[in-house]
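The values are calculated or read from the model by the stated rules, or taken from the named source; none is laboratory data. All of these numbers come straight from a predicted model, not from anything done at the bench. Ideal geometry is used to build each Cβ from the backbone, glycine not excepted, and the neighbour counts take in all protein chains shown. These area figures cover heavy atoms from the full protein model, side chains too; ligands, DNA and RNA do not enter into them. Shrake-Rupley method; radii C 1.70, N 1.55, O 1.52, S 1.80 Å.
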Amino acid sequence: MFSTAWITGASSGIGRATALRLAGQGVKVAVSGRTEESLESLAREAEALPGSCEPFPMDVTEVEACRATVREIEAQMGGIDLALFAAGTHEDMSGADFSAERAAKVMTVNYLGVVNALDAVLPAMRGRARGRIGVVGSVAGYRGFPGLAAYGPSKAALINLCESIHGDLKRDGIRLTLFSPGFVKTRLTERAMPTPFAITPERAAKEIVRGLSSDCFEVIFPKELAPQFIAGRVMPNRVYLRLAGLLGALR
């Protein structure tokens with residue numbers, strides 16, 4: 001079991017639910033997000049639990065803020081043995097309403113936010129030759145999908161990043177797990193397309209905590225939706241693009 005964890009994107013959704021689940025198991029959780037009020041509310045909610053949620057407000061898009069936050073957490077709470085990167089945002093975007101600004105906003109939070117947090121936490125983990133990292137990606141990163149021209153590429157970049165560094169981190173004693181959820185009922189999915197088989201953040205947190213105790217590189221959930229997305233990943237382009245075009249016409 002982990003002693004000290006750091007979760008980004010803990011203000012709401014998957015990050016918040018996972019922080020509470022870990023605190024319920026006695027873990028001291030440093031929770032980060034941009035909204036200090038939400039983090040304080042989370043800390044109060046965790047007061048009755050065996051562990052705790054300690055607020056460390058910051059913006060993942062600022063690498064120096066990530067580095068300073070990790071130094072502060074380790075000074076106050078001890079070495080971070082688990083880091084879960086769950087910060088994310090969504091902007092609906094298609095070829096018909098393409099926007100460089102929206103694409104950049106999503107990529108900066110969803111992809112570079114993880115890069116910045118990794119940069120901050122890896123040196124200490126590497127120095128201790130141990131640690132566990134979880135990255136919240138999405139099955140939306142498997143293939144392009146109508147309306148997800150900003151969100152999908154940011155998650156595809158995370159998949160590539162995790163595949164690229166997994167072996168190096170393992171040799172350094174650091175285990176990395178990529179979490180690829182389908183639709184989760186959060187404020188982000190409220191603005192997105194129809195979400196079949198959507199699960200609650202609490203169920204997502206359960207899957208994540210279970211996955212963190214396994215040796216799997218990737219954990220895909222919910223199981224009801226995973227086969228369709230996996231099939232789409234290996235489908236020939238001519239078939240997939242025709243199907244995606246039909247779905248896009250229904251939006």
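Observations, loosely collected:
- Tally, over the stretch 58-101, of residues that are aromatic (Phe, Trp, Tyr) and within 18 Å of residue 2 (Cβ to Cβ): 1
- Flag: residue 231 does not match the condition of being among the hydrophobic types (A, V, I, L, M, F, W, C) and within 18 Å of residue 86 (Cβ to Cβ).
- Selection from the stretch 113-147 of residues that are of a type in the set (S, T, N, Q) and either open to solvent by 50 Å² or more (accessible area, probe 1.4 Å) or part of a helix (DSSP H, G or I) (or both): 116
- Of the residues making up the stretch 155-206, those that are among the polar types (S, T, N, Q), modelled with pLDDT under 85 and open to solvent by 30 Å² or more (accessible area, probe 1.4 Å) number 2.
- Number of positions in the stretch 148-180 that are in contact with a Leu (Cβ under 9 Å, 6 or more places away or on another chain) and assigned to a loop (DSSP other than H, G, I, E, B): 1
- Tally, over the stretch 239-251, of residues that are modelled with pLDDT of 80 or more and either part of a loop (DSSP other than H, G, I, E, B) or in contact with a Ser or Thr (Cβ under 8 Å, 6 or more places away or on another chain) (or both): 0
- Selection from the stretch 199-238 of residues that are touching a residue at least 12 places away in the same chain (Cβ under 8 Å), charged (D, E, K, R) and in a loop (DSSP other than H, G, I, E, B): 215, 224
- Taking strands (runs of 3 or more DSSP E) as the structural unit, no element lying wholly within the stretch 1-112 holds at least 2 residues that are surrounded by 15 or more Cβ atoms within 10 Å (Cβ to Cβ), on the phi < 0 side of the Ramachandran plot and out of contact with any helix residue (DSSP H, G or I) (no Cβ under 8 Å at 6 or more places or on another chain).
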